[in-house]
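Visitor: The structure follows.
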Amino acid sequence: MTTKTDSDCTAFERLLADKGTLVADGAMGTTLFEMGLESGGCPELLNVEQSDLVRRVHQAFVDAGADIILTNTFGGNRRRLALHRLDGRVAELNAAAASIAASVRDATDRPILVAGSIGPTGDLFEPLGPLTIQEGVAVFHEQATALAEAGVDVLWIETLSSWEELSAAIEGCGGLGLPTVATLSFDTNGKTMMGISPRKFGEWWASQENPPIAIGANCGIGPGDAVAAAFDITSVAPAVPVITKANCGVPLYKTDAPEYPVGPEGMADYVELAVRSGARIIGSCCGSTPAHVAAIRAAVDVGLVGVRPERAEIEQRLEAAPDVAPKSRRTRRGRRG
């Protein structure tokens with residue numbers, strides 16, 4: 001196996017090697033809605049119509065201690081933008097988002113990575129839906145190309161749920177000279193909506209000739225399921241850098257605005273168990289604010305160490321879904337001392 005020299009490594013690999021654990025940002029959408037984005041509005045349109053608002057969100061997360069900021073492009077693919085009659089503006093809106101995030105990165109006096117956020121198409125793939133793999137590849141490639149040409153450091157595929165869409169996204173992001181990461185949403189009894197388990201995801205990663213540089217869990221039900229996913233992935237693929245970017249629980253609708261049950265004070269347990277389970281990139285998703293990211297930063301900076309937890313500890317302390325894997329398939333490989 002060839003060992004990479006520092007000059008061969010990407011900015012993502014260098015920063016991860018240097019810091020050991022990276023802090024990703026929080027919820028762009030939640031923060032934008034708190035700042036006045038109307039329900040049903042298109043967040044990506046803000047990249048050209050209210051670019052300073054988007055810049056303020058990025059800056060708030062950087063000030064809170066984030067090492068990675070995700071562009072405001074989660075719904076920036078042609079299929080999602082068509083819902084707002086903006087499908088002809090993919091390149092423009094993605095390039096604008098990348099430029100905004102890059103301006104924050106470049107003005108910061110410490111290393112920051114800009115991740116080009118690439119969310120799902122919103123359509124089901126054949127045979128369950130209308131989208132072919134080839135069409136999906138083209139959709140993802142169009143968005144990824146715009147992000148890459150505008151200067152992102154890594155292509156960040158997130159919130160996927162099916163093998164078909166994952167395959168199309170990975171292929172669509174290929175050949176652009178950038179590292180790619182991929183996270184799935186394990187939001188249905190510990191699996192994705194289309195039945196992928198974290199263990200299967202880890203096994204998939206280990207079987208690939210050129211796998212994503214990191215994989216993991218985002219969104220979902222809450223911190224417990226994201227940490228349980230990290231635990232399960234590293235049980236079968238201990239070498240992979242794992243990402244956890246969890247929702248702040250299931251939102252409650254006591255008023256017109258959703259209220260999330262997990263506040264910044266809940267981040268310490270989340271980070272502790274994520275690190276002990278093998279996660280190396282830790283952030284937060286829906287419902288999170290700069291205060292959540294600051295709490296994650298503080299917990300990471302403590303330099304948490306400890307033995308790999310039993311899965312039962314994650315289930316008890318963070319209310320994760322119970323392990324549904326057959327007992328014969330469970331393993332303790334990758335256990336840390």
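The values are calculated or read from the model by the stated rules, or taken from the named source; none is laboratory data. Not measured: the values here are computed from a predicted model. Here the Cβ positions follow ideal geometry from the backbone for every residue, glycine too, while neighbour counts run over all protein chains shown. These accessible areas exclude ligands, DNA and RNA; they are computed on the full protein's heavy atoms, side chains included. Shrake-Rupley method; radii C 1.70, N 1.55, O 1.52, S 1.80 Å.
Visitor: Among (1) among the hydrophobic types (A, V, I, L, M, F, W, C); (2) in contact with a Gly (Cβ under 9 Å, 6 or more places away or on another chain); (3) in a helix (DSSP H, G or I); (4) within 21 Å of V23 (Cα to Cα), there is one condition V104 misses while meeting the rest; what is its number?
Guide: (2)
Visitor: Same structure, new question: Tell me the residue from V57, V48 that is buried (at least 24 other Cβ atoms within 10 Å of the Cβ) and either without any contact (Cβ under 8 Å) to a residue 12 or more places away in the chain or out of contact with any strand residue (DSSP E or B) (no Cβ under 8 Å at 6 or more places or on another chain) (or both), please. Outline the logic, then answer.
Guide: Numbers: V48 fails: buried (at least 24 other Cβ atoms within 10 Å of the Cβ).
One residue alone meets the criteria, V57.
Visitor: I'm checking my understanding of the structure. Among residues of the stretch 101-117 that are out of contact with any His (no Cβ under 7 Å at 6 or more places or on another chain) and among the aliphatic types (A, V, I, L, M), which one is most open to solvent (accessible area, probe 1.4 Å)? Give the steps one after another, and end with the answer.
Guide: Keep residues of the stretch 101-117 that are out of contact with any His (no Cβ under 7 Å at 6 or more places or on another chain), which gives 102-103, 105-117.
Those left that are additionally among the aliphatic types (A, V, I, L, M): 102, 107, 112-115.
Working: A102: 10, A107: 84, I112: 13, L113: 7, V114: 0, A115: 0 Å².
The selected residue is A107.
Visitor: Now, a different point. Give me the residue from the stretch 284-321 that is at pLDDT below 80 and open to solvent by 30 Å² or more (accessible area, probe 1.4 Å) and, out of that set, farthest from the chain's Cα centre (by Cα).
Guide: V305
Visitor: Checking T71 against (1) polar (S, T, N, Q); (2) within 16 Å of the chain's Cα centre (by Cα); (3) surrounded by fewer than 16 Cβ atoms within 10 Å (Cβ to Cβ), which single condition isn't satisfied?
Guide: With (1) polar (S, T, N, Q); (2) within 16 Å of the chain's Cα centre (by Cα); (3) surrounded by fewer than 16 Cβ atoms within 10 Å (Cβ to Cβ) applied to T71, the lone miss is (3).
Visitor: When G195 is evaluated against the numbered criteria (1) open to solvent by 20 Å² or more (accessible area, probe 1.4 Å); (2) small (G, A, S); (3) assigned to a strand (DSSP E or B), which criterion, by number, is the only one it fails?
Guide: Here G195 meets the rest and fails (3).
Visitor: Mind checking whether some residue in the stretch 255-272 is open to solvent by less than 20 Å² (accessible area, probe 1.4 Å) and within 14 Å of the chain's Cα centre (by Cα)?
Guide: No, the conditions are met nowhere in the stretch 255-272.
Visitor: Name every residue in the stretch 205-217 that is over 18 Å from A228 (Cβ atoms) and either in a helix (DSSP H, G or I) or touching a His at 6+ places or on another chain (Cβ under 6 Å) (or both), in order of residue number.
Guide: A206, S207
Visitor: What are the residues in the stretch 27-43 that are assigned to a helix (DSSP H, G or I), open to solvent by 10 Å² or more (accessible area, probe 1.4 Å) and not hydroxyl-bearing (S, T, Y), if any?
Guide: M28, G29, F33, E34, P43
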